[in-house]
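Worksheet for the structure shown next.
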Amino acid sequence: MTIRRFFGLVLFAGLMFALGYGAHYGYRHEFGSSVSSGPTAAELQVPTQTEIQAQGRLEPAGGTIAVSALPGEEVVDLRVQVGHDVNAGDELAVLGSRRIRETEHRLARARERNAQAQLASELALSEQRIQAANLARRQAEARKKALPPEELAQVMEKRRNLAVKQLEQLEQLNNTPATSNAISDAELEQQRLLIKQLDAEILQRRNEAEAAITAQQLAVEAAEVESTTARLSMEGLQRSHPREVLHQTAELARLAAEASSVKAPRGGKILDIYIRQGERVSNTPILLMANLDQMDCVAEVHEANLKTIETTEVNGKLVPERRYAVTMNSIALDRPLTGEVREVGRLIGAPKLRDPNPLARTDQRTAQVRITLDDDCLERARKLVHLQVDVIIHLEENKEK
């Protein structure tokens, strides 16, 4: 028997064995259900889910802050380094526009001060005009009171009446035959002239008095008009003066000057710096910072597993009804981190973290579950911000912390 024939027989035997096994399997698959008693209740029982596995990332509880500035600005002075602790309001970097912005602010403030000083001078001048008008009004009223009293006219009227009586007596004497020679025509004419003179004086006095009264009344009215005009002028100055516009301009310049200095929005630690001193700001932030006092883990839990976490709504948030212990692990950790579920997110979406399993589905939908780390794990978590970890959420209630 040759070697060639031997291998042919072996191949034939293998083929026959395969055909026989296939026929036997097909027979059992086709007719086995009619002769078999079927699976038992124990075989049909679905095992209870005891944990949820997911991918998560270590993050500060308050999130990270990307500090940036207007694109095109030059960073002339970078005053922090990675790892520095800063307080809210600390200056992180100085931009190239600072000198120009501070000059604009000083100029705007100077304009505002000059306008305020000019307004104060104009208001003081208007106040002086009001006082002068009031003084002129009081003087006119005083002169009005100092005019000749009415009694003077009455005295002159009495003198005229007396002269008229004297004229009547003279005319009577002149008309009496016994005394007609005692009164001459010259005396009668002189008395008549005296009465005419008194009439003229009385008329003149009355005209002068009326003219003086009118003049003083006009003076009083003119002073009141001047006072009103000055007051209205003052009010117009106060309304039309651009002090509010100048103040807002100065405030805008101040804000622009502050914007040329990058300051820490809150206290925390500098995690990374993306720009060097002397470079210009682009669309990327200048640096990244965060408050690391409290660290969390944000896990992306598959939507099918969310129903296994019992939650209730508190202040609009979904919080667990009981404690769910969590274990987090990574090759970057010397030992697992521990914590517990604090909040379950409402929003379902595509996962942001890459699953290390190459065979994992890419079309799955997840929700974010926020996990609070235990105090003894915080120090290690602070050193590994944004570390991706394998998360196990334990569903047993008696899971020890």
Are any of the residues in region 310-326 in a loop (DSSP other than H, G, I, E, B), without any contact (Cβ under 8 Å) to a residue 24 or more places away in the chain and among the acidic types (Asp, Glu)? yes
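If you check Thr338 against the conditions, is it of a type in the set (Ser, Thr, Tyr), touching an Asp or Glu at 6+ places or on another chain (Cβ under 8 Å) and under 19 Å from Thr64 (Cβ atoms)? Give the derivation first.
Numbers: of a type in the set (Ser, Thr, Tyr): yes; touching an Asp or Glu at 6+ places or on another chain (Cβ under 8 Å): yes; under 19 Å from Thr64 (Cβ atoms): no.
Criteria not met by Thr338.
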If the requirement is being over 30 Å from Gly96 (Cβ atoms) and not charged (D, E, K, R), which of these qualifies: Ala257, Ala250, Ala264, Ala200? Ala200
Pair list, Cβ < 6 Å and 6+ apart or interchain, from region 373-390 residues that are on the phi > 0 side of the Ramachandran plot to residues that are buried (at least 16 other Cβ atoms within 10 Å of the Cβ): His386/Arg57
Let me confirm something: among Gly345, Gly339, which residue is in the same structural domain as Leu58 (by TED's automatic domain parsing), in a strand (DSSP E or B) and farther than 22 Å from Leu292 by Cβ? Gly345
Which members of region 238-292 meet the condition of being part of a helix (DSSP H, G or I) and of a type in the set (Asp, Glu)? Glu244, Glu251, Glu258
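The values are calculated or read from the model by the stated rules, or taken from the named source; none is laboratory data. Keep in mind that what you see is a predicted model, and the values were worked out from it rather than measured. Backbone-built Cβ (ideal geometry, glycine too); neighbour counts: all protein chains shown.
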